[in-house]
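Here the structure is laid out as structure tokens; the discussion comes afterwards.
The values are calculated or read from the model by the stated rules, or taken from the named source; none is laboratory data. What you see is a predicted model, and the numbers here were worked out from it, not measured in a lab. All Cβ positions, glycine included, derive from the backbone under ideal geometry; neighbour counts span all protein chains shown.
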Amino acid sequence: MPLLSAKLLTRLSNLTLRSRRRAAGVRVGSRKSQRRGQSQEFADHRPYVAGDDLRFLDWHLYGRLDTLWVKLFEEQEDRTVQVLIDSSASMEGEKLEYARKVAAALGFVALTGTDRVTVAALSDKLDAYSPPRRGRSQAPALFSTLEAIQPGGVTDLTKALAGYPRQRGAGIGLLFTDFMYDEDPDTVLRRLVARGMELHVFQILSPVDIRPAVEGDLTLIDAETGEEMIVTVDDDVLDRFEKSVRAWCEVVAQSCSRLGVGYSRVVTNMPVEDFVMRELRETGLVT
């Protein structure tokens, strides 16, 4: 079964992945760069200096000021969209599948434009890496890369990032994780922001992460470490558990806000199409 339906792909073709800031890309594309180049969109003037290209002299300004000024233009460049997926054991099942689908949707939007897209799967190491690819024709390869990601191992995204190659230029980072680990979210977020990317985090949770449908005497087994815990579960325990999870989600959200990182929390019972076409459009990530 394909990650995305043909109907959704058609709708995605009309979207653009939006950046909150200008990028400094590495090749000519359609995004405004921080650098000044020779595209057709005027940006500013500066005084003429010997050796400047005479084709960019502003003769109208010279006629008014009797001084030579050079016209500056926005250089149009592309971006690298970095798809980073938590592939640890806690993501196994519907959370990883949901991450794959949202990543496929946003990656397709990026490829439909002029962006380059790279994919990395991270646990406590770099589990998989796909170098940047560009162009809508690369969408099937993108989807295959995402489908091939397999869950396993413990979560240590900071350690895993040590093996993740730095990308040339700036761009957008899309991190998909459940944040179901003890590490301070600031640690990994700061590591990613330090790479110069404009980061957006997707905290993906399943309904059982928030309030498991269990009761009685149980043996809980940690999906990543195998550690066992014997507990007795009743409504009071479930209430406290849900309160704790929601409080942790707020910690993550506040950390993102403090570091200027975009944040979306989604539960896997929301249809992917609704999340992308409604929720993410409301946040402005796609337009």
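With respect to residue 214, determine if the residue is assigned to a loop (DSSP other than H, G, I, E, B), within 18 Å of residue 90 (Cβ to Cβ) and without any contact (Cβ under 8 Å) to a residue 40 or more places away in the chain. Before you say what the answer is, go through the steps one by one.
On the way: assigned to a loop (DSSP other than H, G, I, E, B): yes; within 18 Å of residue 90 (Cβ to Cβ): yes; without any contact (Cβ under 8 Å) to a residue 40 or more places away in the chain: yes.
Taking the combined requirement at face value, the residue satisfies it.
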Which residues, taken from the stretch 42-91, are surrounded by 11 or more Cβ atoms within 10 Å (Cβ to Cβ), among the small types (Gly, Ala, Ser) and either under 30 Å from residue 145 (Cα atoms) or modelled with pLDDT of 80 or more (or both)?
87, 88, 89, 90
The number of residues in the stretch 165-187 that are more than 20 Å from residue 203 (Cβ to Cβ) and assigned to a loop (DSSP other than H, G, I, E, B) is 6
Count, please, the residues in the stretch 264-287 that happen to be part of a helix (DSSP H, G or I) and more than 14 Å from residue 103 (Cα to Cα).
6
When residues of the stretch 126-150 are filtered for being aliphatic (A, V, I, L, M) and more than 18 Å from the chain's Cα centre (by Cα), how many remain?
2
Output the qualifying pairs, or none if there are none: Cβ atoms under 6 angstrom, residues six or more apart or on different chains, first residue in the stretch 127-148 and closer than 17 Å to residue 114 by Cβ, second residue assigned to a helix (DSSP H, G or I).
136/111; 136/112; 138/111; 139/108; 139/111; 142/107
Condition check for residue 208: buried (at least 19 other Cβ atoms within 10 Å of the Cβ) and not small (Gly, Ala, Ser):
no
Please specify each residue of the stretch 150-197 satisfying the condition of being within 25 Å of residue 286 (Cα to Cα) and of a type in the set (A, V, I, L, M, F, W, C).
170, 172, 174, 175, 176, 179, 188, 189, 192, 193, 194, 197
Quickly run through the stretch 247-263 and pick out the residues that are out of contact with any Lys or Arg (no Cβ under 8 Å at 6 or more places or on another chain), of a type outside the set (Val, Ile, Thr) and outside any strand (DSSP E or B).
247, 248, 250, 254, 255, 256, 257, 258, 260
Among residues of the stretch 211-236 being of a type in the set (A, V, I, L, M, F, W, C) and surrounded by 12 or more Cβ atoms within 10 Å (Cβ to Cβ), the residue nearest to the chain's Cα centre (by Cα) is 223
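For the stretch 243-250, does any single residue satisfy the condition of being at pLDDT 75 or above, more than 20 Å from residue 181 (Cα to Cα) and not assigned by TED's automatic domain parsing to the domain that holds residue 201? Even if it seems obvious, please write down each step before you answer.
Taking the stretch 243-250 as the starting set, the residues that turn out to be at pLDDT 75 or above are 243-250.
Still in the list and also more than 20 Å from residue 181 (Cα to Cα): none.
No, because not a single residue in the stretch 243-250 is at pLDDT 75 or above, more than 20 Å from residue 181 (Cα to Cα) and not assigned by TED's automatic domain parsing to the domain that holds residue 201.
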Only one of 262, 284 is under 26 Å from residue 187 (Cβ atoms), modelled with pLDDT of 80 or more, within 16 Å of the chain's Cα centre (by Cα) and not hydroxyl-bearing (Ser, Thr, Tyr); which?
262
Could you say whether any residue in the stretch 235-246 is touching a Gly at 6+ places or on another chain (Cβ under 8 Å) and more than 17 Å from residue 95 (Cβ to Cβ)?
no
Please go through the stretch 189-210 and give me each residue that is in a loop (DSSP other than H, G, I, E, B) and either over 27 Å from the mean Cα position of the chain (by Cα) or modelled with pLDDT of 90 or more (or both), ordered by number.
206
